[in-house]
Amino acid sequence: MTESKDTTARFVAAFNAHDEKALQELHSDDIKFNAPGGFKATNAKDATAYPMTWLKAFPDGKMTVRTELTSGPWVVQEVAMEGTHTAPLEAPNGSIPATYKKVKGYGVQILKVENGKIAEASIYFDQLDQMSQLGLIPAPAAV
């Protein structure tokens with residue numbers, strides 16, 4: 001297994017174990033991290049806070065890698081995320097109270113690994129679909 005694949009596999013395992021310390025150790029001290037909603041982080045602590053926000057709101061949350069492509073230090077993963085929203089979700093626009101709804105969404109993360117740590121990360125997922133599943137916006141009408 002390449003260093004990149006090994007590091008990203010350890011990230012997925014730490015995420016699924018909800019292991020904040022392991023996640024922080026996998027993020028480079030000067031990471032470049034971008035996520036939907038304009039979230040940006042430039043250090044390991046802030047980069048780790050992003051997944052922990054989700055894991056606190058979805059205590060049974062887990063990530064499954066559906067497809068993975070590796071090229072040198074880069075790993076692109078198509079992931080499925082699922083969990084039950086049983087605690088407040090701290091969002092950029094304020095706290096979203098628990099809806100107790102189970103959600104499953106899909107996304108992509110693009111990760112660059114250097115020296116066994118994630119040096120760059122960009123995450124993409126369908127926020128509209130997620131908010132619809134949580135019952136926070138009306139579901140689109142069937143055509």
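Return a yes/no flag: does the range 22-36 have any residue that is closer than 24 Å to I137 by Cβ and not in a strand (DSSP E or B).
yes
Kindly list the number of the only condition in (1) assigned to a loop (DSSP other than H, G, I, E, B); (2) within 14 Å of I118 (Cα to Cα) that fails for V12.
(1)
Filter the range 76-93 for residues that are farther than 24 Å from R10 by Cβ and either in a loop (DSSP other than H, G, I, E, B) or open to solvent by 50 Å² or more (accessible area, probe 1.4 Å) (or both) and give the result.
The answer is H85, T86, A87, P88, E90, P92, N93.
Residue-wise test of (1) out of contact with any Ser or Thr (no Cβ under 7 Å at 6 or more places or on another chain); (2) within 17 Å of E120 (Cβ to Cβ); (3) aromatic (F, W, Y).
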residue: Q24; (1), (2), (3): no, yes, no
residue: H27; (1), (2), (3): no, yes, no
residue: P51; (1), (2), (3): yes, yes, no
residue: G61; (1), (2), (3): yes, no, no
residue: S71; (1), (2), (3): yes, yes, no
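Identify all residues within the range 4-25 that are touching a strand residue (DSSP E or B) at 6+ places or on another chain (Cβ under 6 Å) and not basic (K, R); write none if there are none.
Matches in the range 4-25: S4, T7, T8, V12, F15, N16.
Here's the yes/no breakdown for (1) under 18 Å from I31 (Cβ atoms); (2) open to solvent by 30 Å² or more (accessible area, probe 1.4 Å); (3) in contact with a Gly (Cβ under 8 Å, 6 or more places away or on another chain):
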{"residue": "D60", "(1), (2), (3)": "no, yes, yes"}
{"residue": "R66", "(1), (2), (3)": "no, yes, no"}
{"residue": "L69", "(1), (2), (3)": "no, yes, no"}
{"residue": "S95", "(1), (2), (3)": "no, yes, no"}
{"residue": "V103", "(1), (2), (3)": "no, no, yes"}
{"residue": "Y106", "(1), (2), (3)": "no, yes, no"}
{"residue": "I110", "(1), (2), (3)": "yes, yes, no"}
{"residue": "I118", "(1), (2), (3)": "yes, no, no"}
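Does at least one position in the range 30-42 carry a residue that is open to solvent by 60 Å² or more (accessible area, probe 1.4 Å), among the acidic types (D, E) and more than 25 Å from S95 (Cα to Cα)?
yes
Any residue that is loosely packed, with under 14 Cβ neighbours inside 10 Å, among the charged types (D, E, K, R) and modelled with pLDDT under 95 - is there at least one of those in the range 126-135?
yes
The values are calculated or read from the model by the stated rules, or taken from the named source; none is laboratory data. Here the structure is a predicted model, which means the values were calculated and not measured. Here Cβ is always computed from backbone atoms with ideal geometry, including for glycine, and neighbour counts include all displayed protein chains. Surface areas here come from the heavy atoms of the whole protein model, side chains and all, with no ligands, DNA or RNA. Shrake-Rupley method; radii C 1.70, N 1.55, O 1.52, S 1.80 Å.
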